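The values are calculated or read from the model by the stated rules, or taken from the named source; none is laboratory data. Model, not experiment: these values are computed from the prediction. Neighbour counts are summed over all protein chains in view; Cβ atoms, including those assigned to glycine, are modelled from backbone coordinates with ideal geometry. Protein only, heavy atoms only, side chains kept; ligands, DNA and RNA dropped before computing areas. Shrake-Rupley method; radii C 1.70, N 1.55, O 1.52, S 1.80 Å.
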Amino acid sequence: MSGTTTSNLGAAAGSVATSPPVIAPSRLTLADIARLLVILAGAFMVVLDFFIVLVALPSIADDLAATPGQLQLIVAGYGIANAAGLIAGGKLGDLIGRRRMFLLGMALFGLTSVACGLSTSGLMLVVARFAQGAAGALLHPQVLALLGLNFPGDKRPRAFAAYAMAMGLAGVAGQLLGGALIELNFAQTGWRSCFFINAPVALAAIVLGLRLLDRETPPASAKQLDLMGIALTATALTCLIVPLTYGRESLSGVANAALLATAVALAMAFARSQRRRAASGLAVMVPPSVVAARHFRLGVATIMVFYCGVASFYFVLGLHLQFTLALSALQSGGVFAILGGAFFVASMSSSYLARALKRPLVEVGALVLAAGHLLQMAVAAAGGGIGVVWIPLLVEGAGIGLVMAPLVSLALSRLPSQHAGVAAGILSTMQSTGNALGVAVVGFFYIAGLWLPADLVMGHTRFAEALTLLAVLALAVWVLARRIRAEADQTA
């Protein structure tokens, strides 16, 4: 669910900024369908692998003796590497060709997935997940461009409709598929099969992609990469996340403080670097002319806060279901399917609800989400089991769906069309950053007492505390969305 919009940002940018005429979609041939499946496999796997690991965390903890901080980094590390590399991945596609970069990214994603499955320690899996996230950052930005290249004219609407469906399916199916694979325990692989499954899919996509995907000539005008910006971004995010996760249990207080101070210093150095490079006409990751718009800055902040809350909610919910409520991985995946069902109903009804309510859906959805978290908090505080947990899940899923559908359009609505592409890249990066930060920050409050002696009351209490923070984040989305609307009214 969280990943649904990650890749829809580029599509949303183009539709919001340029408002193309409606084209009646034509039928796709069998060759078109095969080509479409190859392209969508890349985006599907990248989104799926953020979610599929959530239900595997308890099994990983048991098998690898992974610490709580390592479990957080197994999730957040993937997001850090993905966030740092998304813009670079898109520009590499411009430089050497989308088809070539897609196939290379697919190969690297398959290899790093195998490395994840072969890990023999928590630390080894953390490193492999960083590498897998980086490979995903090379792969994912090529998908929308390849859809445009391979499905011209009146075939494009069907291709993009299939893309949106695939992203939604990846978000919903991740936990359920992960639970089924762990329960099946094929060849005694257990949780490792959640990663191994990517290898045959990647191999098939590469073989078919070599035959089916159209070749293109990279534009001669493509700018060089901002390698300094990439390095500063990746290092700053790592210095920020590590003290909140692994550093809490393995590093001294002085070392953690030094890492946090370094993150701030690197962020300031990144801002100065972007201004200097833009003034010199060099390639930048974040063009100052784009972020100068206050409306867009508010939109970036809203997206980061929203996904910070969504990703961390999935993280703590998965742990709560298995550690506190003692559900199996498959049962936990089934509970996530309830959340996904409410999300889809709300998303599909968003246009109708916007007309009926005559209120901005982002604001309405944020309040619904906050109410759902508070209701879930009350259930946890009362020690409620799975028989009642599903009720607030319906409210929470609906709130997420109401916010996610219009949020990107809200952030991009005032930008000129020439900035749509780079703005979409920035928003994609901020979403992945929010995913990583959420798991680190909210997970810090929840996971600190998780490995204390088994205590059902303690498990419910930790979950209730995390939900309080999640409700605050949802209310922050409501406040920011209202400020965006006020800013738009002032400039109208």
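Every condition in (1) among the hydroxyl-bearing types (Ser, Thr, Tyr); (2) modelled with pLDDT under 85; (3) open to solvent by 40 Å² or more (accessible area, probe 1.4 Å) holds for Tyr163 except the one numbered (3). Answer yes or no as to whether Val114 is β-branched (Val, Ile, Thr), modelled with pLDDT of 90 or more and under 18 Å from the mean Cα position of the chain (by Cα). Answer is no for this residue. Checked against the criterion of being part of a helix (DSSP H, G or I), among the hydrophobic types (A, V, I, L, M, F, W, C), open to solvent by less than 10 Å² (accessible area, probe 1.4 Å) and modelled with pLDDT of 95 or more, the candidates Ala380, Ala370 yield just one match: Ala370. When we screen Ala398, Ala356, Ala337, Ala440 for residues that are at pLDDT 90 or above and either surrounded by 24 or more Cβ atoms within 10 Å (Cβ to Cβ) or out of contact with any Asp or Glu (no Cβ under 8 Å at 6 or more places or on another chain) (or both), the only hit is Ala398.
With respect to the conditions (1) crowded, with 23+ Cβ neighbours inside 10 Å; (2) closer than 21 Å to Thr429 by Cα; (3) not small (Gly, Ala, Ser), Leu108 falls short on a single one, namely (1). Can you find, within the stretch 340-353, the residue that is farthest from Trp191 (Cα to Cα) among those that are open to solvent by less than 70 Å² (accessible area, probe 1.4 Å) and of a type outside the set (S, T, N, Q)? This residue is Leu353. Considering the stretch 385-394, and only residues there that are touching a residue at least 24 places away in the same chain (Cβ under 8 Å) and surrounded by 20 or more Cβ atoms within 10 Å (Cβ to Cβ), the residue that is nearest to Ile338 (Cα to Cα) turns out to be Leu393. Checking Gly79, Gly90 one by one, the residue that is small (Gly, Ala, Ser), in contact with a Gly (Cβ under 7 Å, 6 or more places away or on another chain) and open to solvent by 10 Å² or more (accessible area, probe 1.4 Å) is Gly90 and no other. In this structure, Gln322 does not satisfy being of a type outside the set (A, V, I, L, M, F, W, C), open to solvent by less than 10 Å² (accessible area, probe 1.4 Å), touching a residue at least 60 places away in the same chain (Cβ under 8 Å) and under 24 Å from Leu244 (Cβ atoms). Do we find that Leu28 is touching a residue at least 40 places away in the same chain (Cβ under 8 Å), within 22 Å of Phe151 (Cα to Cα), part of a loop (DSSP other than H, G, I, E, B) and hydrophobic (A, V, I, L, M, F, W, C) in this structure? For Leu28, the condition - touching a residue at least 40 places away in the same chain (Cβ under 8 Å), within 22 Å of Phe151 (Cα to Cα), part of a loop (DSSP other than H, G, I, E, B) and hydrophobic (A, V, I, L, M, F, W, C) - is met. Can you find a residue in the stretch 42-54 that is surrounded by 22 or more Cβ atoms within 10 Å (Cβ to Cβ), free of Cβ contacts under 8 Å to residues at least 60 places away in the same chain and assigned to a helix (DSSP H, G or I)? No, the stretch 42-54 contains no residue that is surrounded by 22 or more Cβ atoms within 10 Å (Cβ to Cβ), free of Cβ contacts under 8 Å to residues at least 60 places away in the same chain and assigned to a helix (DSSP H, G or I). The listed residues are Leu125, Leu149, Leu118, and the only one of them that is open to solvent by less than 10 Å² (accessible area, probe 1.4 Å), more than 30 Å from Gly341 (Cα to Cα) and among the aliphatic types (A, V, I, L, M) turns out to be Leu125.
Listed here are the residues, each with its yes/no results for (1) under 27 Å from Gly247 (Cα atoms); (2) within 18 Å of the chain's Cα centre (by Cα); (3) free of Cβ contacts under 8 Å to residues at least 12 places away in the same chain.
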{"position": "Ser119", "(1), (2), (3)": "yes, no, no"}
{"position": "Ala134", "(1), (2), (3)": "yes, yes, no"}
{"position": "His140", "(1), (2), (3)": "no, yes, no"}
{"position": "Pro157", "(1), (2), (3)": "no, no, no"}
{"position": "Phe160", "(1), (2), (3)": "no, no, no"}
